[in-house]
Amino acid sequence: MKILSPAFADGDHIPQKYTCDGEGISPPLEFREVPEEAVSLVLWMEDPDVPREIRADGKWQHWLVWNLDSRLEGVDEGEEPAGVHGLTTSGTLDYVPPCPPDREHRYFFRLYALDTSLDLPEGSTIDQLLRAMDGHIIAQAEMFGRYDRRRF
């Protein structure tokens with residue numbers, strides 16, 4: 001299984017358009033080679049480079065969506081996909097654009113194929129999502145982009 005973006009290559013810089021310094025919209029994503037037996041998909045975006053004085057765990061959840069249709073081939077630019085949305089670290093249910101406070105950060109886009117749909121309410125946290133996914137992941141993929149506000 002693969003997750004890709006036509007807007008930037010894996011490990012490359014995320015275009016400003018998709019950050020807090022631009023339009024702040026979500027980048028386009030493509031999902032490929034999703035297993036036929038998948039019942040649902042999970043999309044998760046995380047920044048693991050947050051200063052510890054801001055977040056003790058050093059992580060910021062930017063996007064959590066589950067129970068996506070397993071036949072979904074991707075997400076269009078600026079689209080909030082049809083699924084159940086989880087609570088970001090910012091306290092919202094929608095995409096939160098990269099906005100690192102100090103230096104270049106990495107932003108991981110993860111895609112999971114599950115053998116079930118999750119009985120998890122909207123607004124659930126990443127910890128609740130990970131517990132619900134446990135034992136149900138049949139495939140996973142990730143890509144990441146980098147962003148540094150000092151470049152602009």
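No value in this document is a laboratory result; all are computed from the given coordinates. Values in this document were obtained by computation on a predicted structure and should not be read as measured data. Don't worry about glycine lacking a Cβ; one is built from the backbone with ideal geometry, like all the others, and counts go over all protein chains shown.
Helix-derived [θ] at 222 nm for the chain: sum -39500 (n - 2.57) over DSSP H runs of at least 4, divide by residue count, nearest 500?
Rounded to the nearest 500, it is -1500 deg cm²/dmol.
What trypsin sites (Lys or Arg not before Pro) does region 90-152 have in DSSP loop regions with at most 11 other beta carbons within 10 Å?
Arg103
Out of Leu93, Gly78, Trp60, whose Cα points farthest toward the positive end of the dipole of region 59-110 (charges: +1 Lys, Arg; -1 Asp, Glu; placed on Cβ)?
Trp60
Using each residue's phi in region 24-34, evaluate 6.51 cos²θ - 1.76 cosθ + 1.60 at θ = phi - 60° and report the 3J(HN,Hα) Karplus result to the nearest Hz, with x for Gly and Pro.
Taking θ as phi minus 60°, the curve returns x, 9, 6, x, x, 10, 10, 10, 10, 6, 5 Hz for region 24-34.
Quick one: which residues, 5 or more positions from Glu30 or on another chain, have an amide H under 5 Å from its amide H? H modelled 1.01 Å from N in the peptide plane, none for Pro or chain starts.
Sorted by chain and number, the residues that satisfy this are Leu4, Ser5, Val75.
Over all alpha-carbon pairs of the chain, lay out the pair-distance distribution in 10 Å bins, whole %, shortest bin first.
Going out from 0 Å in 10 Å bins, the chain shows 12, 43, 35, 10, 0 percent.
Once fully extended, how much extra length lies between Asp69 and Asp94, figured as 0.36 nm per residue of separation less the alpha-carbon to alpha-carbon distance?
This chain segment gains 7.2 nm when fully extended.
Out of region 76-147, which GluC sites (Glu not before Pro) are coil in DSSP terms and have no more than 16 other C-beta atoms within 10 Å?
Here the GluC sites (Glu not before Pro) that fit, given the DSSP loop and packing criteria, are Glu77, Glu79, Glu104, Glu122.
Loop-only check: which trypsin sites (Lys or Arg not before Pro) in region 1-70 are DSSP coil with at most 16 other Cβ within 10 angstrom?
Listed in order of number, the matching sites are Arg52, Arg55, Lys59.
How big is region 72-125 in terms of Cα radius of gyration and Dmax, in angstroms?
13.3, 39
Can you give the FRET efficiency to the nearest 0.05 for Asp76 and Arg131, using r as the Cβ-Cβ distance and R₀ = 22 Å?
Efficiency for this residue pair is about 0.15.
For an R0 of 30 angstrom, estimate the FRET efficiency from the Cβ-Cβ distance between Ala9 and Glu37 and round to the nearest 0.05.
0.55
Once label points are set 7 Å from the Cα along Cα→Cβ at both Lys59 and Ile25, what is their separation, rounded to one decimal in nm?
3.0
How large is the Kirkwood hydrodynamic radius of region 1-65, counting all unique pairs of alpha carbons, in Å?
Result for region 1-65, one decimal place: 13.9 Å.
Output ³J(HN,Hα) for region 78-89: one whole-Hz value per residue in order, computed from phi by the Karplus curve 6.51 cos²θ - 1.76 cosθ + 1.60 with θ = phi - 60°, and x for Gly and Pro.
Once θ is set to phi - 60°, the couplings for region 78-89 become x, 8, 9, x, 6, x, 9, 9, x, 7, 7, 5 Hz.
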